[in-house]
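Worksheet for the structure shown next.
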Amino acid sequence: MIETVNLRKSFGKLEVLKGISEKIEQGEVISIIGPSGSGKSTFLRCLNLLERPTSGDVIFDGVSLTGKGVDINRHRQKMGMVFQLFNVFPHLTVLENVTLAQVLLKKKSKQAANQYALELLARVGLTDKAEEHPRRLSGGQKQRLAIVRALAMDPEVMLFDEPTSALDPEMVGEVLQVIKDLVLGGMTCVIVTHEMGFAREVSSRVLFMDDGRIEEQGSPGMIFDSPQSPRTQAFLSKVLR
Amino acid sequence: MFDNFIPNITRVLGKYWALFLQGAGYTLLLSFITVFFGTVLGSFLALMRRSRFKPVSVLATAYVELIRGTPLLLQLYFFYFMLPEVLPMLNLSKFACVSIALLVNSSAYVCEIVRAGIQAVDSGQTEAARTLGLNARQTMLRIVMPQAVKNILPALGNEFVTVIKETSLASTFFVGDLMTGYSTVRGSMYLVLEPLIVVGVIYFLLTFSLSKVVASFERRLKTSD
């Protein structure tokens, strides 16, 4: 579904991604773990070209996204993204957050968009907040809203960039549960996360990134129980205590 | 000399209150024209500055720097003499020439206000909108601008207050504003300080009450966030 070919990204002199070639298949749930500064988020943000790769390519549904004349906006509709800091739209109501792109880009009627939005909001327990502005929501509620906002575009894949890192501890569970439900529903997911227990539970494959490369990858069992690379071992021994 | 101070002020007011009132009206009108069209032009300049097409952004930047780097009085003289020379067929009035100079000046400052207002919107908002599939224009119109307006409006209110004071320079050309009223009264009553006090109080009342309005408006915007 998504393939990266020798993906490289530099910010000025700093090379953050040092050539990543990876394939993500439909239905996979991939967790990306690794120390901070290892390039996890940059890699994720390259998948929908939020960061433009310095060289290499991203191929989505057989289309090279870096090619000339590619309408990236059309492809982005099919790749939902959830951010660490939620980035919900504060000037719109909860409902409008979810309907905006549907009406604007999918050319749905306001009514159809509202109906779908309410259906999705019900799934994450935000029905009674539909008419509120996001400032009245807790962090966990904002993040659930952000997930629903992305889902409303019926994406083929969901990209999560540390979705629980900015949450108070008591709110992490409610957000992880929503992601879990998505996974159970068969959604293809790529998740950058520091929640090792969660990664182990939901992933079909775990990528360990270090220093701009994928150092090691495999099933959660392989990575967490018998990591081969010394770097993976060192990292896991620090985070799994 | 201070013996007659209060009686003199009373005399000045009694005789020329209508002139001061008219002057205050012209000052407000001039300020309003300046800020209104300055905002239109300034917003346009701000968009030009953000353009990815280099010559456009360089042109806008040069304009802003030039206007902000030269005195307003110089610009007033420049437009006052240049416009009738270059566009004689328009038959521009003094008032029109002065207005144009003022609004050109204000547009450079408004440009920076708009630019700062847009930049103050968290870049995560743009990223979230773009990942939904909105293009750059839709993102600007639907997501960034509505939030930037909250930063921009109070600053524009303050610009209006500033412009009210700056229009006094336009009295150099006797365009009927408050400061022109002062010159008239000074000439006809041979009094220097008294009318100055009167005009000063009027300016202060205008700017003080306006900045209070702006401040309360700003508080209202904040709470609605």
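For this structure, a couple of remarks:
- Degrees between helix A:139-151 axis and first principal axis of chain A (Cα, 0 to 90, nearest 10): 90 degrees
- Heavy-atom accessible area per residue - chain A, 1.4 Å, Å²: 43 Å²
- FRET efficiency, residue A:135 to residue B:188 (Cβ-Cβ, R0 60 Å, nearest 0.05): 0.50
- Taking label positions 7 Å along the Cα-Cβ direction at both residue B:93 and residue A:234, the computed distance is 8.0 nm, reported to one decimal.
- Largest-first ellipsoid semi-axes for the range B:132-215, taking √(5λ) over the Cα gyration tensor eigenvalues, angstrom: 43, 14, 5
- Paired Rg and Dmax values of the protein assembly as shown, which use every Cα atom, in angstrom: 30.6, 99
- Rough spin-label spacing in nm, given labels placed 7 Å along Cα→Cβ, for residue B:149 and residue A:122: 3.4 nm
- In chain A, the C-alpha radius of gyration followed by the widest Cα-Cα span (Dmax) gives 18.0, 56 angstrom.
- Here the dipole of the range B:1-134 is about 180 debye; that uses its Cα centre as origin and unit charges on the Cβ of Lys and Arg (positive) and Asp and Glu (negative).
- Each 5 Å bin, from zero up to the one with the longest distance, holds this percent of the alpha carbon pairs of the range B:2-224: 1, 7, 12, 14, 15, 14, 11, 9, 7, 5, 3, 2, 1, 0, 0, 0.
- Estimated purely from DSSP H runs of n ≥ 4, each contributing -39500 (n - 2.57), the mean residue ellipticity at 222 nm for chain A is -11000 deg cm²/dmol once divided by its residues.
- Residue-wise HN-Hα coupling along the range B:15-30, computed from phi with Karplus coefficients 6.51, -1.76, 1.60 (Hz; x: Gly, Pro): 7, 10, 4, 5, 5, 5, 4, 4, x, 4, x, 5, 4, 5, 4, 4
- Volume of the Cα convex hull of the range A:125-187, divided per residue and given in Å³: 92 Å³
- Förster radius 25 Å - calculated FRET efficiency between residue B:53 and residue B:162, Cβ distance, rounded to 0.05: 0.20
- Ratio of the Cα radius of gyration of the range B:4-66 to 2.2 N^0.38 Å, where N counts its residues: 2.02
- Here the accessible area of chain B is 68 percent carbon and sulfur, with a 1.4 angstrom probe and all protein chains present.
- Nonlocal amide H pairs with residue A:209, under 5 Å, H built at 1.01 Å: A:33, A:34, A:215
- In the elastic network of chain B, a GNM with C-alpha springs shorter than 10 Å, the most mobile of B:148, B:129, B:116 is B:129.
- Residue separation of residue B:3 and residue B:172 scaled by 0.36 nm, minus their Cα-Cα distance, works out to 57.7 nm of gained length.
- Karplus (6.51, -1.76, 1.60) ³J(HN,Hα), θ = phi - 60°, over the range A:81-93, in Hz, Gly and Pro reported as x: 9, 10, 9, 4, 9, 6, 6, 6, 8, x, 8, 10, 6
- Table column - 3J(HN,Hα) (Hz), the range A:106-115, Karplus curve with 6.51, -1.76, 1.60, x for Gly and Pro: 8, 6, 7, 6, 3, 5, 5, 5, 4, 4
- Cβ-derived FRET efficiency at R0 45 Å, residue A:180 paired with residue A:61, nearest 0.05: 0.95
- In straight-distance terms, cross-link reach from residue A:238 covers every one of the lysines whose alpha-carbon lies under 22 Å from its own, apart from those fewer than eight places away in the same chain; here that gives A:40.
- Gap separating the Cα centres of the range B:1-57 and the range B:145-195, nearest whole Å: 4 Å
- Taking 0.890 mPa s as the viscosity and 25 °C as the temperature, the Stokes-Einstein diffusion coefficient of the range A:117-241 based on its alpha-carbon Kirkwood radius rounds to 154 µm²/s.
- The distance linking the range A:122-147 with the range A:39-72 is 30 Å (Cα centroid to Cα centroid, whole angstrom).
- Under 19 Å from residue B:150, Cα to Cα: lysines that are on another chain or at least 8 residues apart: B:212, B:222
- Surface analysis of the range B:69-147 yields an accessible area of 46 Å² per residue, using protein heavy atoms and a 1.4 Å probe.
- Rounded tilt (10° steps) of B:193-223 against the dominant C-alpha axis of chain B: 20 degrees
- Close amide-amide hydrogen proximity is noted between residue A:48 and no other residue 5 or more places distant or on a separate chain, at a cut-off under 5 Å (H modeled in the peptide plane; Pro and chain starts excluded).
- Kirkwood-type radius of the range B:94-148, with distances r between different C-alpha atoms, in Å: 12.9 Å
- Rounded to the nearest 10 degrees, the inclination of helix A:230-239 to the longest alpha-carbon principal axis of chain A is 50 degrees.
- Toward the positive end of the charge dipole of the range B:1-147, with +1 on the Cβ of Lys and Arg and -1 on the Cβ of Asp and Glu, the farthest Cα among B:67, B:28, B:145 is that of B:145.
- Its DSSP H runs of at least 4 residues, each contributing -39,500 (n - 2.57), put the calculated 222 nm mean residue ellipticity of chain B at -27500 deg cm²/dmol, to the nearest 500.
- Shape category assigned to the range B:171-218 from the gyration tensor of Cα positions, a/c cut at 1.5: oblate
- 10 Å binning of all Cα-Cα separations within the range A:1-109, expressed as whole percents from 0 upward: 12, 39, 33, 15, 1
- Hydrodynamic radius by Kirkwood, which averages 1/r over all alpha carbon pairs of the range A:159-205, in angstrom: 10.9 Å
The values are calculated or read from the model by the stated rules, or taken from the named source; none is laboratory data. Computed from a predicted structure; not experimentally measured. Glycine gets a Cβ as well: all are built from the backbone with ideal geometry, and neighbour counts include every protein chain shown. Remember, those area values only see protein heavy atoms, side chains included, never the ligands or the DNA or RNA. Shrake-Rupley method; radii C 1.70, N 1.55, O 1.52, S 1.80 Å.
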